[in-house]
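Undergrad: Structure below; questions to follow.
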Amino acid sequence: MKKVFLLFSKLIFNTYAFAQKRPATDRPNIIVILTDDQGYADVGFNGSKDIPTPGIDRIASNGVVFESGYVSYAVCGPSRAGLITGRYQDRFGFSRNPLLAPKDPNMGLPLSEETLADLLKKADYKTGVLGKWHLGAHLSLTPTQRGFDEFYGFLEGGHRYFPEEWTLEENQVKAQYDGYRTKLTRNEGPAQETEKEYLTDALSREALDFVKRHQNEPFFLYLAYNAPHAPLQAAEKYLSRFAHIEEPRRKTYAAMVSAVDDGVGALLDLLEELELDENTLVFFLSDNGGPTKDNASNNAPLRGFKSDFFEGGVRVPFAMQWKGQIPGGVRYEQPVISLDIFASASALAQVKPKNELDGVNLIPYLTGKNPNPPHQALYWRNFDRNRFAIRTVDSKMILEKELEYLFDIQDDFSESKNVISLDLNRKNALSEKIELWKKLLQDPAFLGLLEDKEYNRLHPDRFAPDVK
Ligand code: CA
């Protein structure tokens, strides 16, 4: 009798739990895990041998690897502006890495733009961002003003990794890179508690906490690790895993990636434990290709690195999972771009975006419902260098003053054979496409990281205390 009762109560409990749970397709949770300056080759799912990434690789085995997964720019800030708006960032003049300029309301993501968090708020999502913001430090541009309910991290383009090095209050910042040494921000102001953990571990801890707290409502978590961006700093716990790597910089870089990987693994474990894994899309990507000389990353077999438009600058490690809806273990070859995350989320949450999007909803392509390529063409502009690039299904072209490249990209993804002089018709057709795309774009809205001195000259009170 006792056994029957137990069975019966278990049945009731399960029915109750089921009734409480949203169907997997009703406003699924969205998690975007973004790493910083990670090389194309530096994940197991793209063949890394010296840096195991079993946590990140689970996303690939649970879902899809985007073999031609791109970001919309080859350095941090503009790439993030594209990702968070689903639009080419040059449409709104976010053409450069912004400077740290807390008094400048124009230094960052313009208020005309809707963030993915703004959008998902319209469908009652809880929204959180952890880690690197880099979309504006003025009060009007900080995460809690841009659709995020919660923020724990820093506004600058990078940060030191050990809390004992965070010696500055925000109002003590006097120069661009002082921003790497500030205490972290919690929501609108300085975090009240004293952080004790290695930064990557702290962000992973906060990600688990966010998911636990919001497990019963739709949520969007933007987990923007600054690892493995410089400075190269790793905790001993992770360094000790890499006795097999002799080169000290590569060893530290590997340890930094490994710390991220532990966090990703723990987050996936939690989703499974809470039975949220079928309710949640998880995207993983890097914001740009590896700056191989800076942080000892590896983009092989791609040509180039961070900041240029060869594949090594803009084709990144990129995977996503949605268990139960998207088959696992798929390698998807057609070009996709980080801008597609916004469009996919918008379709799934069934909310209309405020602005015209450049990305597309990837889900019908990944389920096989739509066999066509998601994009006819993808585009890039580096305004200051007057450099453009375009990727179609079979071609990649880069134009910069007298430098011109055309590659048969499907067969030659290492961009080893420039065929531009052999195929003027194709060059002209692709150039025409670029010309049409250019009409959508604006000139840069602010001076960038490379104009630090010029900005200081024009804004001598950049870091001066406010007079009350
Ligand atoms: Ca970056």
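The values are calculated or read from the model by the stated rules, or taken from the named source; none is laboratory data. The structure presented is a predicted model; accordingly, all values stated were derived computationally and were not measured. Please note: Cβ atoms are built from the backbone with ideal geometry, for glycine as well, and neighbour counts cover all protein chains shown.
Undergrad: What number of residues within the stretch 414-429 satisfy the criterion of being on the phi < 0 side of the Ramachandran plot, charged (D, E, K, R) and either in a loop (DSSP other than H, G, I, E, B) or touching a Ser or Thr at 6+ places or on another chain (Cβ under 6 Å) (or both)?
TA: Matching residues across the stretch 414-429 total 2.
Undergrad: Across the stretch 392-409, which residue is nearest to Gly304 (Cα to Cα) among those that are at pLDDT 95 or above and assigned to a loop (DSSP other than H, G, I, E, B)?
TA: Ile409
Undergrad: Specify the residue that is farthest from the ligand (Cβ to nearest atom); the eligible residues are those in the stretch 264-275 that are farther than 24 Å from Val336 by Cα and not small (Gly, Ala, Ser).
TA: Filtering the stretch 264-275 for residues that are farther than 24 Å from Val336 by Cα and not small (Gly, Ala, Ser), the one farthest from the ligand (Cβ to nearest atom) comes out as Glu275.
Undergrad: If you don't mind, there's one more thing I want to ask. Within the stretch 395-409, which residues are of a type outside the set (Asp, Glu) and surrounded by 15 or more Cβ atoms within 10 Å (Cβ to Cβ)?
TA: Ser395, Lys396, Met397, Ile398, Leu399, Tyr405, Leu406, Phe407, Ile409, listed by residue number.
Undergrad: Let me ask another. Going through the stretch 72-87 one residue at a time, which ones are assigned to a loop (DSSP other than H, G, I, E, B) and either closer than 16 Å to Asn226 by Cβ or out of contact with any helix residue (DSSP H, G or I) (no Cβ under 6 Å at 6 or more places or on another chain) (or both)?
TA: Within the stretch 72-87, Val75, Arg87 qualify.
Table: residues versus (1) within 16 Å of the ligand (Cβ to nearest atom); (2) of a type in the set (A, V, I, L, M).
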| position | (1), (2) |
| --- | --- |
| Asp277 | no, no |
| Asp287 | yes, no |
| Ala319 | no, yes |
| Val330 | no, yes |
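Undergrad: Taking the stretch 88-126 only, how many residues are of a type in the set (Gly, Ala, Ser) and not in a loop (DSSP other than H, G, I, E, B)?
TA: Number satisfying all stated conditions: 2.
Undergrad: Leu348 versus (1) free of Cβ contacts under 8 Å to residues at least 40 places away in the same chain; (2) closer than 22 Å to Asn29 by Cβ: which is the lone unmet condition?
TA: (1)
Undergrad: Check the stretch 214-222 and report whether any residue there is assigned to a helix (DSSP H, G or I) and over 21 Å from the mean Cα position of the chain (by Cα).
TA: No, the stretch 214-222 has no match at all.
Undergrad: Can you name the residue in the stretch 289-317 that is within 17 Å of the chain's Cα centre (by Cα) and among the basic types (Lys, Arg) and is also farthest from the ligand (Cβ to nearest atom) among such residues?
TA: Here the residue is Arg315.
Undergrad: Given the condition among the hydrophobic types (A, V, I, L, M, F, W, C) and within 16 Å of the ligand (Cβ to nearest atom), answer yes or no: does some residue in the stretch 242-252 qualify?
TA: No; the residues of the stretch 242-252 include none that is among the hydrophobic types (A, V, I, L, M, F, W, C) and within 16 Å of the ligand (Cβ to nearest atom).
Undergrad: Across the stretch 365-391, what is the number of residues that are part of a helix (DSSP H, G or I), among the aromatic types (Phe, Trp, Tyr) and touching a Ser or Thr at 6+ places or on another chain (Cβ under 8 Å)?
TA: Qualifying residue count for the region: 1.
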